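All remarks here apply to the structure that follows.
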Amino acid sequence: MDTKEIVGRYSALAQETCCLSCGGAVDKSEARLNEVCIDLGSGRGTDVLRLAEIVGENGFVYGVDVTAEMIRKAETTAAKMGVDNVKFIQADLEHIPLEDEIANLIVSNCTLNHVSNKLRVWQEIFRLLKNGGRFVISDIYSRFPVPEEYANDPVAVSECWAGAITKNEYLKIIRQVGFKEIRILEESNPYPKGEIEVSSFTITGIKDEFSCCC
Ligand SMILES: C[S@@+](CC[C@H](N)C(=O)[O-])C[C@H]1O[C@@H](n2cnc3c(N)ncnc32)[C@H](O)[C@@H]1O
C-alpha cells in the first residue's frame, strides 16, 4: 500500500496536541498486570504509555506506527517519563515485524480505517495474539459503502473517513480470520465525516483456537 499521504498528514500532526482518537479502546481493554500489549497505529504514544503503567515492570507494550515523526515523538516522551517497558516500531500494519503469539492484548484507536488491506491486518492481529488473547479496537465504519472516487483517493483516506468499510464488512472480516465472542462495547450515532456518514465503535473479540462448537 502507498502510505505517502498518510505519512505526510501524520508527520505534520506529530507535534500537535489535537485528539486523534475515535473511542475508548484502552479504557475498555481491562489490561492487566504483566500482560504483553500491542497498540496498532500508536501515534504520539499516549495509549502505549497508559498501558505501560497498567501492565507494570514485568509487562511490556509495543507501539506500531508507519510515521517516523510519530515514532520519534512517542520515543522522546517515553524517555522523558523514564518508561522502559515499551518499544515503538515503525512499520506498516500489513506486515508487523513481531513474532507469532506474542501478545495478550491488542488495542488500536482510529487507525484500521486507513489500511487498504483490512483482511491482511486482521490476519496479523490473529497471528500476534496468544491463544486466549483479545483485541479491543476503536475505529469508524461507514453507514453505506464509500463511493470508489473517494475510497481510491489517498488524501481522503488519510483524513480518516474514505478508508472506512461498513459494519457488516467489518464484522465479516473479523469472523473470517477466526475470532470468537465478538462484541461491540460502544457505538456512536451516525455523524457526517468528509463526504460520508460514519459511526465510531469499540469492538472486542477473543482468539480461541480450541473452542468447541458442539
Ligand atoms: C488517527 S491517528 C491515531 C493515533 C493514536 N492511535 C491516537 O488515538 O492518538 C492514526 C495513526 O495511525 C498511523 N497509521 C495509519 N496508517 C497506518 C498503517 N498502514 N500502518 C501503521 N500505522 C498507520 C498514522 O501514522 C497515525 O499515527
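Values quoted throughout were computed directly from the atomic coordinates according to the rules given, and no laboratory measurement underlies them. Model, not experiment: these values are computed from the prediction. All Cβ positions, glycine included, derive from the backbone under ideal geometry; neighbour counts span all protein chains shown.
Test of understanding: ordering M70, M81 by Cβ neighbours within 10 Å, fewest first, what list do you get?
Values: M70 24, M81 13.
Lowest to highest Cβ neighbour count: M81, M70.
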- line: the chain, Kirkwood Rh and Cα Rg, ratio Rg/Rh at 0.95
query: To the nearest 0.05, how large is the calculated FRET efficiency for N117 and L33 if R₀ is 30 Å and r is the Cβ-Cβ distance?
result: 0.30
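With r defined as the distance between the Cβ atoms of E169 and K87 and R0 fixed at 22 Å, what FRET efficiency is calculated, to the nearest 0.05?
On the way: r = 32 Å, r/R0 = 1.47.
Calculated value: 0.10.
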- request: Quick one: grab Rg to one decimal and Dmax as a whole number for the range 68-163, Cα atoms only, in Å.
  value: 15.5, 46
task: Among the GluC sites (Glu not before Pro) in the range 1-55, which ones are in a DSSP loop with at most 11 other Cβ atoms within 10 Å of the Cβ? Mind listing them?
output: E16
- prompt: For the chain, how many pairs of lysine residues have a Cα-Cα distance under 17 Å, where the two are 8 or more positions apart or belong to different chains?
  reply: 10
message: Please compute, for the alpha-carbon atoms of the range 18-125, the extent along each of the three principal axes and give them in descending order in Å.
response: 35, 29, 26
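Normalised by the residues of the range 4-206, what does the relative contact order come to in percent, with Cα pairs under 8 Å and at least six apart? Before the final figure, lay out each step's value.
On the way: 444 pairs, mean separation 42.4, N = 203.
In percent, rounded to a whole number, it is 21.
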